[in-house]
Structures are given as C-alpha cells and as structure tokens.
1. Where the centroid of each part is defined by its Cα atoms, how far is the stretch 42-74 from the stretch 1-36 in Å?
2. Kindly give the semi-axes, whole Å and largest first, of the ellipsoid equivalent to the chain, taking each as the square root of 5 times a Cα gyration tensor eigenvalue.
3. Write down the radius of gyration of the stretch 105-247 and its Dmax, each obtained from C-alpha positions, in Å.
4. Working from Cα positions, state the angle (0 to 90°, nearest 10) between the long axis of helix 55-66 and the longest principal axis of the chain.
5. Antiparallel as a % of all DSSP beta bridges within the stretch 159-267, to the nearest 5?
6. Can you pick out the pairs among 118/225; 69/160; 50/225 whose Cα atoms lie more than 26 Å from each other?
7. Quick check: from the Cα gyration tensor, does the stretch 34-78 come out rounded (a/c under 1.5), prolate or oblate?
8. Of all DSSP beta bridges located in the chain, what percent are antiparallel, nearest 5?
Amino acid sequence: MNEIATALAAGSVVPYLGPGLLEQDGENPVPATFEKLAGRLSARVTVPFKIRANMTATAQYIENFKHRKTLVAVMSEIFREPVAPSALHSYFASLPNLPLLVDTWYDAAVQAALADRKNWGQIQGVSRAEHRDQWVKYYRADGAETVADQAMEWETVLYKPFGSIAPAANFIVSDSDFVEVLTEIDIQTPIPPRVQALRSGRGFLFVGCHFRNQLERAYARQTMKRSSPGPHWAVLPGELTRNEIKFLEEQNIQRLDITPADFIAAW
C-alpha cells in the first residue's frame, strides 16, 4: 500500500475507475452494473426477454426499433439525477499531482468531485451514430465544448471513454457503438492522443472495476497499452472468474483482495 500511496502522490499512477465505486457509500439513484442498466433500459422500453439482461443488446434494440434519439433520451433520464462523489472519488480528485483520471461509467460523480480543482477538463467518447467523423469530444471544466489543443494545457485530464451524462449526454452503449470502437481500438485510433501521451511511463490503479466480460477487458487493456510495464494494481474483492485471473496475470496487475471502502480506510 505504501508503494501505491507514493505513486499516487507523485502522479505516476493513473486511477482507472469503474461503476463499482457508486456502491461504496450505499444505494445510488443510478444503476452501477451492466446488468442493472440493462434492466433499467428494458423497464422503459419493451425488449425481447432473451436480451433484457444484456446492456449493449438492449440498447441496440431500442436504437433499431425506437430510434437513436429515444435511446439517448432514456439514458439521459436514467442518469439525470446527480450522484454524490464517494470518498474515493473525492480522494482521487484531491491528489496534488493528477495528470490523468479514467472513469468508465456514465454518471458525473467524478466531475462533481473535480469541481473545485483548477485547470482541468474532460475528454469523452462519443457515438459514431451521432458524430460520424469523431471518436471523442473535449469539454472545459465549465462544461463548454472546446478543441483538442486545449487539452494540452490542462493539468488534469478526465477521460470518460464510454461518454457521460454531463455536460452533453454522450453515450457509447449499444452494440454498434462498441463495435465501432473495438474495431479500431487495437490500433489505438479511438483513444485520444493526449490520453496516449499521459499514460506513457505510468502505472494504473483499477478501483470499482471488474474484468468479467470481453468489453471490460478490452477497454482496460487498450487504455493501458504502451504505459508502464508495471506494476499495476486492482482493488478487486471476492471470487474472480478464470478470465479475470488470466487477465490480471497477462497485464501484470497485482490484485488487492479488499473492498474500495477498505482501500480508502487504509489511507
């Protein structure tokens, strides 16, 4: 733990956050797993029973049969209510050296935690169905859209690869959204150059994440590509799947079998 604390203080490790952080402080108004989000989507639009537990397939069905605008409207409704930052959101946002922070869920808890920080901005993944020739959009701390060059000046970059409710309701969520990204992600095209530069030479700390499905593993693997050879760390309590164990070994990620609450309590 001392090694992680030293790396965080020096800005030499990138916090990579998943939706599991939303469950750290009890119930939240938004879903915090792929399965729960699929349930919330199918509760608003009737979808075939066999895909109701599958987030990307449910979103694709809504997009195909009700239009993309309906999918965005439903996602916006689901994530409309503000989510209070957890203790760990606030801890990471308070780090004196925080060049890059990655958050892989659609809520805006991290943005709220960063609100008092000076000179930061965010880069969000966007759907090619809505923005044909763009992989990402850039936003200043006040929510105004800006250009890629300005990201070079930010002391802290928040990277939201799946998009976010704030400030502009960008969502990568359907099968076709992810197919577009995953087709190109191995050659790094969807990952913004600023993120690629900032990850270089740094380790990663995964908190609130799982690596149970191919989507989770692919995004983690490609986001940390060409970063430090390690060590990396993952706060990952409980029983792991065979694929998770294999992924940790392949990526030189040291597992911490503790909860996010126990992790923050250690500081």
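1. First find each Cα centre; the distance between them is then 28 Å.
2. Over the Cα atoms of the chain, the semi-axes work out to 27, 21, 18 Å.
3. Using the Cα atoms of the stretch 105-247, the pair Rg, Dmax is 15.3, 43 Å.
4. 30
5. Percentage antiparallel, nearest 5: 20.
6. Going by Cα-Cα distance, 118/225; 50/225 fall outside the 26 Å limit.
7. Here the stretch 34-78 falls in the oblate category.
8. Percent antiparallel among DSSP bridges in the chain is about 30.
Every number here is computed from the coordinates shown, using simple stated rules; none is lab data. Just so you know, these numbers come straight off a predicted model, no measurement behind them.
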